[in-house]
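The numbers here are math on the coordinates, done by the rules we state, and not lab data. Computed from a prediction, not measured in an experiment: that's the story for all the values here. Reconstructed Cβ throughout: ideal geometry from the backbone, glycine too, with neighbour counts over all protein chains shown.
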Amino acid sequence: MPSLPTYRVGLIVPSSNVAMETEVPALLRAYEHVTGVSFTFHGARTRMKKLTAEALLAMDREDATCAAYLGDAPCDVQAYACLVAVMVQGRWAHGAVAERLHAAAAESGRPAPVVTSAGALDPPRAAARPVDPRVRQLRRAAGVAGARVSVAVR
């Protein structure tokens, strides 16, 4: 029997966020029990002490460093879970954020597709973007093949 793949998932979260690092692994661990496909999780935090527009924008400026650090893992995909920090920048800012994070990971020598929580909330725009085959494979493995997410691949 051929061995099933293991996918590395990088999570970029605000320093005060405890949900993503528990909920995403729990969801994918449940899938592992059914399919045998496995996942490892690698986290990077960006500092957030206050929930103000200024603090969110400052936090968002640190995200490229986090993406570069996750590139050292190397991750198969990076998930940027700083929803409010992106949304405070305006509609469709998630595309620019995803591109910036992808570029930072690529500069570190390990490019990876980037999925943003803000982009997942914009299905019409997300549906218009090409989906990297690696992300499509990860989505199938996770049982969410039909889900629409924003993915920047450059």
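Length gained on full extension, THR6 to GLU107: 34.0 nm, using 0.36 nm per residue less the C-alpha separation. Peptides 14-20, 93-99 ordered by packing proxy, namely the average of other Cβ atoms within 10 Å per residue, highest first: 93-99, 14-20. Using the Cβ-Cβ distance between ALA55 and GLU32 with R0 set to 41 Å, the FRET efficiency from 1/(1 + (r/R0)^6) comes to roughly 0.70. Close amide H pairs (under 5 Å, H built 1.01 Å from N) link GLY43 with LEU11, residues at least 5 positions away or on another chain.
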